[in-house]
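Structure first, commentary second.
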Amino acid sequence: MNQDRRTVILDEIEYWRENRLLPEHYCDFLSNLYDVDHEHDRGDKKLLSMSSLKQGNLRTWLFIFLMLCFICLVVLYFSAFPFLMQLVSVPIFAAVCYISGIRQQKRNPVASSVLLAIGSFLLLGLGIMIIHEHRLEPTFWIPVLVIGCAIIWCIMGYVISSPILLYIGFGALVLLYGGFFAQVKPDASWIMLQALWLPLSMLFVWFSWLVHHRGRKLAAVYFTSGLAIWFMPEVDETLLRGHMPDIFAVLCIVKIALACILLFVLRKKWIVWVTA
């Protein structure tokens with residue numbers, strides 16, 4: 001069997017494994033059957049992959065080391081750049097990471113997620129550095145920056161079906177939502193916080209049902225985001241407002257128990273949404 005046909009078969013087996021179309025041990029058996037004498041060659045093609053990390057691939061670890069050094073140098077010496085160069089270099093750095101991540105999305109999902117996350121970190125982190133360094137009004141410009149980044153991440157994540165960008169984008173919007181209401185209603189009660197956050201949680205779960213026919217990844221992102229927002233009233237009360245009621249532990253246990261009961265009762269519905 002020629003190498004091209006072997007590669008197609010192995011990629012199809014990996015697709016079965018990722019989507020749980022076959023049990024794990026069947027996929028292992030088929031991979032070993034068709035990957036004889038070519039396992040090392042396939043491992044080298046993917047510079048960033050879990051198998052490369054486990055096998056101690058020197059190219060992989062060297063690439064990670066150089067990438068981390070590059071990020072550290074950019075962050076440490078970014079303030080030495082002229083203002084105009086800073087404004088130009090931030091979108092260029094982010095665009096290089098995003099384009100590289102998009103190109104690797106199908107061939108190497110791990111490398112793609114890493115590159116997209118690095119691009120997002122540079123876009124937001126360096127933007128905040130510019131605001132602080134040039135003494136721009138942080139109460140205005142930081143929310144504007146976060147909103148702009150969140151919109152970019154959500155649109156890109158939806159267009160290219162990237163869970164990592166959607167998670168980051170939703171996280172940024174959730175923090176803005178919480179910070180806004182923390183300033184508007186700093187003395188909000190526990191009941192009011194539930195009214196602020198729980199409808200948003202249900203909205204994300206509804207989005208999961210809405211898009212589950214189009215893509216399993218998007219449905220899973222919406223569903224897990226909805227679950228995370230379910231517990232945001234407690235996070236909001238303790239971290240953003242600095243309040244902790246005496247019965248805080250009891251309230252958390254009640255919320256966890258209620259979530260587990262709902263997940264158990266509705267398991268035949270939401271599992272279909274996430275795994276469709």
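The values are calculated or read from the model by the stated rules, or taken from the named source; none is laboratory data. Every value quoted in this text rests on a predicted model; they were computed, and no experiment measured them. Methodologically, a virtual Cβ is constructed for each residue, glycine included, from the backbone with ideal geometry; neighbour enumeration extends over all protein chains shown. These area figures cover heavy atoms from the full protein model, side chains too; ligands, DNA and RNA do not enter into them. Shrake-Rupley method; radii C 1.70, N 1.55, O 1.52, S 1.80 Å.
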*Residue that is farthest from ALA172 (Cα to Cα), among those in segment 207-245 that are under 16 Å from the mean Cα position of the chain (by Cα) and of a type in the set (Phe, Trp, Tyr)*: PHE223
*asked:* Looking only at residues that are part of a helix (DSSP H, G or I) and surrounded by fewer than 13 Cβ atoms within 10 Å (Cβ to Cβ) in segment 15-27, which one is modelled with the highest pLDDT?
replied: TYR15
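For segment 78-100: of the residues being of a type in the set (Gly, Ala, Ser) and farther than 17 Å from LEU136 by Cα, which is surrounded by the fewest Cβ atoms within 10 Å (Cβ to Cβ)? Steps first, please.
Of the residues in segment 78-100, the ones of a type in the set (Gly, Ala, Ser) are 79-80, 89, 94-95, 100.
So of that shortlist, the ones also farther than 17 Å from LEU136 by Cα come out as 80, 89, 94-95, 100.
Details: ALA80: 8, SER89: 16, ALA94: 22, ALA95: 12, SER100: 17.
Among them, the one singled out is ALA80.
If a residue has to be assigned to a helix (DSSP H, G or I), modelled with pLDDT under 70 and of a type in the set (Ser, Thr, Tyr) to count, how many in segment 28-51 make the cut?
Residues meeting the conditions: 2.
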_Please go through segment 142-163 and give me each residue that is among the polar types (S, T, N, Q) and either under 16 Å from GLY179 (Cβ atoms) or crowded, with 18+ Cβ neighbours inside 10 Å (or both), ordered by number._
SER162
*Scan segment 225-238 and give yes if some residue there is open to solvent by 80 Å² or more (accessible area, probe 1.4 Å) and either of a type in the set (A, V, I, L, M) or within 30 Å of GLY148 (Cα to Cα) (or both), otherwise no.*
no
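Out of all the residues in segment 188-224, which are polar (S, T, N, Q) and open to solvent by less than 10 Å² (accessible area, probe 1.4 Å)? Give the steps one after another, and end with the answer.
Residues of segment 188-224 that are polar (S, T, N, Q), as a first pass: 189, 194, 201, 208, 224.
If the condition is that a residue be polar (S, T, N, Q) and open to solvent by less than 10 Å² (accessible area, probe 1.4 Å), then SER201, SER208 are the ones that fit.
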